[in-house]
Every structure is written in C-alpha cells, then in structure tokens.
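The values are calculated or read from the model by the stated rules, or taken from the named source; none is laboratory data. All values derive from a computational prediction rather than experimental measurement. Please note: Cβ atoms are built from the backbone with ideal geometry, for glycine as well, and neighbour counts cover all protein chains shown. Heads up: the accessible areas ignore ligands, DNA and RNA and are worked out on the full protein's heavy atoms, side chains in. Shrake-Rupley method; radii C 1.70, N 1.55, O 1.52, S 1.80 Å.
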Amino acid sequence: METQEQILKEQRLRIEVLRHQLLLRYYELLLSLDVLAQAAEVKTLMGYINTLEERSREERTEKYGRRDDCR
C-alpha cells in the first residue's frame, strides 16, 4: 500500500508532466501566429506561458531551495 507521501509525489509528477505538455502546446501555437496581425493572441499566450513557467519555478524553489542550479 502506498503511503500518503508517495501518492503526493506521484501527483506532483503528473502535474509537472501536464504543465510541460501544455507549455509545448502553447509554444507551438505561439510559433504559428503572425505577431503583427495577431498581437492580442500573442500577448494572451505569453501570459499563459509566463504563468506556467512561474509556477514551475516556484515548485522547484520549494523543492530544492533558493539555488540557481535547480533549473
């Protein structure tokens, strides 16, 4: 039987995998846009990307502490 700690670890890993998949999808969409003609869409996607990357950095900081080499 799995411990609560193991379950939480697996859930965090799944969240991180989903976050990376979503980031890849957002970057693909971003690359398909015309920056000049679709500026609002670019701005929206960049906001989503920045939020996801910020959350990822926060979790790494919580896990590894305040280190530059945790990237």
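Structure data summary
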| read-out | value |
| --- | --- |
| Within the stretch 1-16, tally of residues that are part of a helix (DSSP H, G or I) and open to solvent by 70 Å² or more (accessible area, probe 1.4 Å) | 10 |
| Number of positions in the stretch 43-71 that are small (Gly, Ala, Ser), more than 13 Å from LEU22 (Cβ to Cβ) and at pLDDT 85 or above | 1 |
| Search result, residues across the stretch 21-40 that are assigned to a helix (DSSP H, G or I) and out of contact with any helix residue (DSSP H, G or I) (no Cβ under 8 Å at 6 or more places or on another chain) | GLN21, LEU24, ARG25, GLU28, LEU31, SER32, ALA39, ALA40 |
| Complete set of residues in the stretch 17-59 that are surrounded by fewer than 12 Cβ atoms within 10 Å (Cβ to Cβ) and of a type in the set (A, V, I, L, M, F, W, C) | VAL17, LEU18, LEU24, LEU31, VAL35, LEU36, ALA37, ALA39, ALA40 |
